[in-house]
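The values are calculated or read from the model by the stated rules, or taken from the named source; none is laboratory data. Remember, it's a predicted structure, so these values are computed and weren't measured experimentally. Reconstructed Cβ throughout: ideal geometry from the backbone, glycine too, with neighbour counts over all protein chains shown.
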């Protein structure tokens, strides 16, 4: 019983495959594939249309031999019931096809070059924006460091914050001014060094009366 079912299933599959291959789209695809593979006609643009398994060929070829070969290929394709030949023999067909292909290739090259140029321009803009962001970030960071150090000076009773000038560049804090003792100078340097964003502290503080 199972063997008979398998045989029937296999036969059904073959019927479906044959039906698909002999449908109009299937016939068109088969004819186009054969034309593309044939050395005599593959250089030409031959249009293939199928209705009720009747294949219509149209387009231009360079020689009568190429026309006859295209018709022969279509007629010998499985599922083809008849062939309608509308192919014109034009000695310039190959040249025209070649020119069209060259123009298409040239257009493709130009499109690729334009896309590459656009990508390069986008990268350049990105680099400029990144540099601008870095510069802006550096300015903001230095200003924030200066404000933070001054705030700490004013909050610390051991340091005369109003007498000390704070300048920051690229994270390097420079202290200028007059303090009363070495301990005050050391304290100011320590406060500045422990502030966020400070890379180094340069102390130009002078000790004396003010």
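A compact table of results
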| read-out | value |
| --- | --- |
| Qualifying residue in the range 189-198 (condition: assigned to a strand (DSSP E or B) and surrounded by 11 or more Cβ atoms within 10 Å (Cβ to Cβ)) | no |
| Within the range 39-64, tally of residues that are at pLDDT 90 or above and part of a loop (DSSP other than H, G, I, E, B) | 2 |
| Selection count where residues are at positive phi and under 50 Å from the mean Cα position of the chain (by Cα), scope the range 168-199 | 3 |
| Selection within the range 162-188 - buried (at least 17 other Cβ atoms within 10 Å of the Cβ), without any contact (Cβ under 8 Å) to a residue 40 or more places away in the chain and either touching a helix residue (DSSP H, G or I) at 6+ places or on another chain (Cβ under 7 Å) or assigned to a loop (DSSP other than H, G, I, E, B) (or both) | 166, 168, 173, 175, 177, 179, 188 |
| Residue selected from the range 145-161 under the condition part of a helix (DSSP H, G or I) and crowded, with 17+ Cβ neighbours inside 10 Å, by the criterion farthest from the chain's Cα centre (by Cα) | 161 |
| Restricting the range 185-203 to residues that are modelled with pLDDT of 90 or more and either out of contact with any strand residue (DSSP E or B) (no Cβ under 8 Å at 6 or more places or on another chain) or not assigned by TED's automatic domain parsing to the domain that holds residue 150 (or both), the residue that is farthest from residue 149 (Cα to Cα) | 186 |
